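The values are calculated or read from the model by the stated rules, or taken from the named source; none is laboratory data. Computed from a prediction, not measured in an experiment: that's the story for all the values here. Cβ atoms come from the backbone with ideal geometry, glycine included; neighbour counts cover every protein chain shown.
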Amino acid sequence: MSNPRVPYRFSDAGPALAHHKDGQILVHLVVNVENWSFDAAMPRTIITPPHGKETIPDVPNFAWVDYGMRAGLPRMIQAIRDRGLPASTSINASVIDAYPGAAEAMLEAGWEFIGHGFHQKSVQHAGREEDVVGQSLDKLRRFSGQAVAGWLSPGLRETERSLEVFKAAGVRYVFDWCMDDVPNWMRTDEGPIMSMPYNLELNDSIVYAIEKHVTGQFLDRTRRTLSLFERECEARPRVLALGLHPHLMGVPHRFGEFEDMLDALLASKKTTFLKPVQIADWFEEQVPGN
């Protein structure tokens, strides 16, 4: 079936969009910050267990991600801060208690907080959906003092009713539907909700944890995407989102690549770095939700 939430059309056949006042390519840095439960199976693994039999606790795969929280994340925060760039964190709400220093550092850095479940579990395995979404948003809102208007589901997984649940909980834009280079309004029974561009192909989890490319592939994809967008944005703006994880881009052999990605995007005369709330405001001012 075609997309049940938004009618099909070519991307450039949508409503006319004026360029943002600061640039034609709107760059969004999304740092996914997660709490992988030590006493449960890991959401993803870098090393398989002996004889193919899963073990709990899974020390090496837990430590893989724990390294990102201890060593990778501070590197990434510093690189983004040194360049004066805005960013967002797609954050499990339980990170606030499990990694309080990380949560405080991102808040101090001025990052936008995006709902990302309570633990790193897909909605089908995390409990009653309304409870998980409501509790996650409430905890993030109380901690950050922000509206927390965005949601990125763990693993980008949803149920048939997720968008209704998000909208009822006060979510304004969702990142799960990686279907366009500009925002779109999607239908829900609770009213319209915005699909914010996110990218499966410009995502370190896809590039390095799943496809297992050599270091440098993410930089190459970023440069190639930027090159095309620099041509296309003359006719229509583009949103360029990078999906990032501290245990992948914060490791020493990839960290220089991460810095090169930021510098390549900064060097373009057509880019501007924004938080998702700024992108949402820019889009909604021109295309109000119906």
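In the stretch 192-208, the count of residues that are among the small types (Gly, Ala, Ser) and farther than 23 Å from residue 14 by Cβ is one or more.
Annotation note: Cβ proximity below 7 Å between a residue of the stretch 11-35 that is of a type in the set (Ser, Thr, Tyr) and a residue that is not in a strand (DSSP E or B) (sequence gap 6+ or interchain) occurs for 11/180; 11/181; 11/182. Condition first: modelled with pLDDT of 95 or more, hydroxyl-bearing (Ser, Thr, Tyr) and under 21 Å from residue 277 (Cβ atoms). Can you find one or more residues in the stretch 213-232 that meet it? Checking the stretch 213-232: not a single residue is modelled with pLDDT of 95 or more, hydroxyl-bearing (Ser, Thr, Tyr) and under 21 Å from residue 277 (Cβ atoms). Within the stretch 94-126, restricting attention to residues that are closer than 18 Å to residue 72 by Cβ and aromatic (Phe, Trp, Tyr), the residue that is surrounded by the most Cβ atoms within 10 Å (Cβ to Cβ) is 111. Of the set (1) in contact with a His (Cβ under 6 Å, 6 or more places away or on another chain); (2) closer than 24 Å to residue 147 by Cβ, all apply to residue 204 but (2). Looking only at the stretch 254-274, filter to residues that are in a helix (DSSP H, G or I) and of a type in the set (D, E, K, R); which one of those is surrounded by the most Cβ atoms within 10 Å (Cβ to Cβ)? Ranking the candidates gives 254 first. Here is the figure for the stretch 46-93: residues that are in contact (Cβ under 8 Å) with a residue 24 or more places away in the chain and among the basic types (Lys, Arg) total 3.
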